[in-house]
Amino acid sequence: MSYIEVLDAEIKASGEEPAFSGPIGEQAIAEFERALGVTFPESYRLFLRKFGALSFAGDTYYGITKSGLAATAVPSVLFATNVARDQGDADNGMVVIKASGYGPIYSIDTACVGSSGEPVVVETALSFKRDGAKTVLYQSFGEFLCANVRQAIAEL
């Protein structure tokens, strides 16, 4: 069983109602990769195939929505990433997957492969545009998603 199937069962068992836009097919995933100029890691692709984008327990995880490439708001990963790149809050190898709303941004950093064999998830502060500092928080998107969703479930 994949990590996403296990996590989906945990979400369902929590009693909290998730909102998601998926599932998303391979063609749409490939279009988003081309538009962003990156290759998504497998754990993120599994997330997209299952959920598309996900809101759960007050947190929103960016992905692909029904608006596709034309989306003009979060939780579109394309919209969020392009805005962050345009504002200097992310570099061209980063894919923005979650924002706190008041400060840190969480991104898959496709330029840095972690011990999992996938790109790491980094946190960047508002000062990123000045100092380029990234803090590695998780070794993969799957690790990031599981840790965040499980923490939310524990706090319900």
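Readers should treat all values here as calculations from the given coordinates under stated rules, not as data from a laboratory. Values in this document were obtained by computation on a predicted structure and should not be read as measured data. Backbone-built Cβ (ideal geometry, glycine too); neighbour counts: all protein chains shown.
Check I97, I108 and return the single one that is touching a Pro at 6+ places or on another chain (Cβ under 6 Å), aliphatic (A, V, I, L, M) and closer than 24 Å to E5 by Cα.
One residue alone meets the criteria, I108.
Considering the stretch 19-36, the residues that are exposed (fewer than 15 other Cβ atoms within 10 Å of the Cβ) and of a type outside the set (D, E, K, R) include one that is nearest to R85 (Cα to Cα), namely A35.
Yes or no: E31 touching a helix residue (DSSP H, G or I) at 6+ places or on another chain (Cβ under 7 Å), among the charged types (D, E, K, R) and in a helix (DSSP H, G or I)? Taking the combined requirement at face value, the residue satisfies it.
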